[in-house]
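Asks: Before I ask anything, let me first share the structure, which is written out below as structure tokens.
Since every read-out is calculated from the coordinates, none of them should be taken as a lab result. Predicted model only: the values in this text are computed from it and were never measured. A quick note on method: Cβ atoms are made from the backbone with ideal geometry, for glycine too, and the neighbour counts reach across all protein chains shown.
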Amino acid sequence: MPSTVAGETLPRSLRGASTIAVSLIVIFALLVPGAGAASRQTLADTPPFGGGGAPKVKRDSVPPTCPTRPSDPAVTSKQPFPGGPSPTGDACGTVHDDSIRVSDSGGDGTHIWAGPGKDAVNAQNKRIDEIWGGSGDTATIDWCLPDGKIHDHAIGIARPKKVKVQCIGVKPSSHKLQSRAAITYPYDEPYISCTVSTSGKRLMSISREPLVNAVDATANVDWQTVAFSALLYKWNGTDYVFSEQSAWVWDRAPDEQLEDFGGNFWRRFGETSHRKIFFNPPSAGRYRIAIRYQWYAANGVEDHDELDWASYHFGHFGSPGLGYCNFPGSPPPDGHYVGTTDEGKAVAFDAGPIWTTVPRDIAGSRLTNVKISSSTSCTPARSLSYSISVAPGRWIQLYADNTFAYAAVAPLTDPARQNVVASLFVVGKIGTDGSATGSLYLQQLAFDENGTHYTCAGAAHSWTAKPG
């Protein structure tokens with residue numbers, strides 16, 4: 001059963017039931033790659049160079065991309081633009097004489113493009129905007145108290161009218177005169193989803209896009225054209241080798257002085273629509289994405305680019321350390337498996353694809369109807385038999401190498417016993433020939449019953465199974 005983590009579909013945490021004597025219910029947490037809280041994997045290595053550099057852009061020459069046609073009527077200010085990040089927040093003029101008023105009710109970071117004609121822009125809204133005008137245009141802008149060091153950025157407008165206001169959603173600059181080597185280029189990494197597309201292909205997509213800000217270079221809010229491209233690498237057994245590069249996408253971004261900046265609106269150069277970045281790896285194996293970031297020259301800061309691994313790879317085929325996607329190859333045989341433990345206790349489960357509508361070598365594998373029986377000894381002296389049963393509708397996913405692992409480490413509730421705590425671990429592997437092996441380890445079981453406190457622990461027990 002699927003659940004959602006970080007905006008993508010991932011396997012749901014497993015909940016199983018283990019019966020000890022009568023009815024001790026154990027809640028299991030599936031050790032799924034990428035499920036749970038993100039913990040960044042430390043990647044000390046640097047991505048191998050690959051792909052092409054960012055398109056050349058003239059300094060401060062990329063205004064908001066606003067589609068306009070001669071047949072579009074001139075804009076009037078009867079209804080103000082709400083403002084905020086694209087696609088609906090930017091204010092776009094026409095080829096005519098426009099009157100544009102922006103409320104910024106959508107938050108900071110509005111780009112206002114007046115277009116041709118003699119236009120009047122009213123950006124008096126107590127929030128910081130960037131205005132692109134031209135010869136003959138006029139603008140009313142915010143001049144933030146107490147000293148006006150922070151104000152709207154008006155490009156191409158000779159003498160904008162400044163209105164002293166108490167601005168909101170903006171903080172003073174942290175800029176200090178720095179050497180080029182000490183400049184901070186701010187960005188927040190993306191999340192990579194490792195899954196299967198609706199068309200039945202392996203899929204690595206950027207589920208949470210990178211957040212890139214302008215360099216804080218002056219006392220005012222700085223704006224800068226930024227861009228990124230994703231690079232796909234495949235593990236060859238020794239190193240990661242460059243495989244494919246996405247198109248470059250860009251945005252016009254403010255620095256981190258804007259406290260409620262809603263995020264970048266990434267689109268290809270020359271386009272107005274948002275573009276999703278993804279890859280379809282052609283074969284099984286381990287893949288990893290790196291990002292090439294580009295800051296274009298602005299505000300006295302020259303062009304700069306960086307290449308860095310994306311540290312977070314989630315999803316059905318995300319690795320346990322989140323550092324890469326691991327797409328499985330040949331699956332084990334599907335069907336019902338039966339076997340025994342080294343105690344002679346019963347083992348049973350069913351193996352099958354995660355997706356039934358895609359090619360089998362892409363679909364991944366999962367286990368359902370899992371049941372393993374075992375026993376343990378307790379202090380004071382007592383023997384208990386128990387079984388681990390995965391509840392109907394729940395399943396365990398196999399990793400790319402057809403191994404699996406799940407654990408129960410939790411306080412439990414049982415009507416016949418009190419203060420129940422258990423720690424249980426089960427691992428296994430299913431070969432492509434159908435041979436399945438693994439082990440079961442009850443690390444701890446403690447509970448109170450009829451006024452007596454019991455502690456139980458058992459040695460690790462091996463198990464084997466095969467299609468039956």
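Asks: Rounded to whole Hz and in sequence order, give me ³J(HN,Hα) for the range 452-457 from the Karplus expression 6.51 cos²θ - 1.76 cosθ + 1.60, θ = phi - 60°, writing x for Gly and Pro.
Replies: 10, 9, 10, 10, 10, 7
Asks: If amide hydrogens are placed 1.01 Å from N in the peptide plane, which non-local residues have theirs closer than 5 Å to the one on Asn125?
Replies: Asp142
Asks: Of all beta bridges DSSP finds with both residues in the chain, what is the antiparallel percent, to the nearest 5?
Replies: Antiparallel: roughly 85 percent of the beta bridges in the chain.
Asks: Order these by the 10 Å Cβ neighbour count, fewest first: His153, His111, His336, His96.
Replies: His336, His96, His153, His111
Asks: Let me ask another. Over all distinct Cα pairs, what is the inverse of the mean 1/r for the chain, reported as the Kirkwood hydrodynamic radius in Å?
Replies: Computed over Cα pairs of the chain, the Kirkwood hydrodynamic radius comes out at 26.1 Å.
Asks: Find the centroid of the Cα atoms in the range 365-437 and in the range 179-222, then give the distance between the two in whole Å.
Replies: The two parts, judged by their Cα centres, are 40 Å apart.
Asks: Given the convex hull over the Cα atoms of the range 372-468, what projected area results after averaging over all orientations, in nm²?
Replies: About 7.3 nm², averaged over all directions.
Asks: Only sites in a loop by DSSP and with at most 16 other Cβ atoms within 10 Å count here; which trypsin sites (Lys or Arg not before Pro) in the range 204-310 make the cut?
Replies: Arg275, Lys276
Asks: I've got another one for you. Checking the cross-link filter: which lysines have an alpha carbon closer than 29 Å to that of Lys126, excluding same-chain neighbours under 8 positions apart?
Replies: Within reach: Lys78, Lys118, Lys149, Lys161, Lys162, Lys164, Lys171, Lys176.
Asks: Residues with amide H under 5 Å of Thr340's amide H, sequence separation 5 or more or different chain, H placed in the peptide plane at 1.01 Å from N; which?
Replies: Val347, Thr464
Asks: Another question, if that's okay. Amide H to amide H under 5 Å from Ile100: which residues, 5+ apart in sequence or cross-chain, H placed 1.01 Å off N in plane?
Replies: For Ile100, the qualifying residues are Ala120, Val121, Asn122.
Asks: For the range 424-431, in order, what is each residue's ³J(HN,Hα) by Karplus, 6.51 cos²θ - 1.76 cosθ + 1.60 with θ = phi - 60°, in whole Hz (x at glycine and Pro)?
Replies: Each residue's phi maps through the Karplus curve to give 9, 9, 9, 10, x, 8, 10, x Hz.
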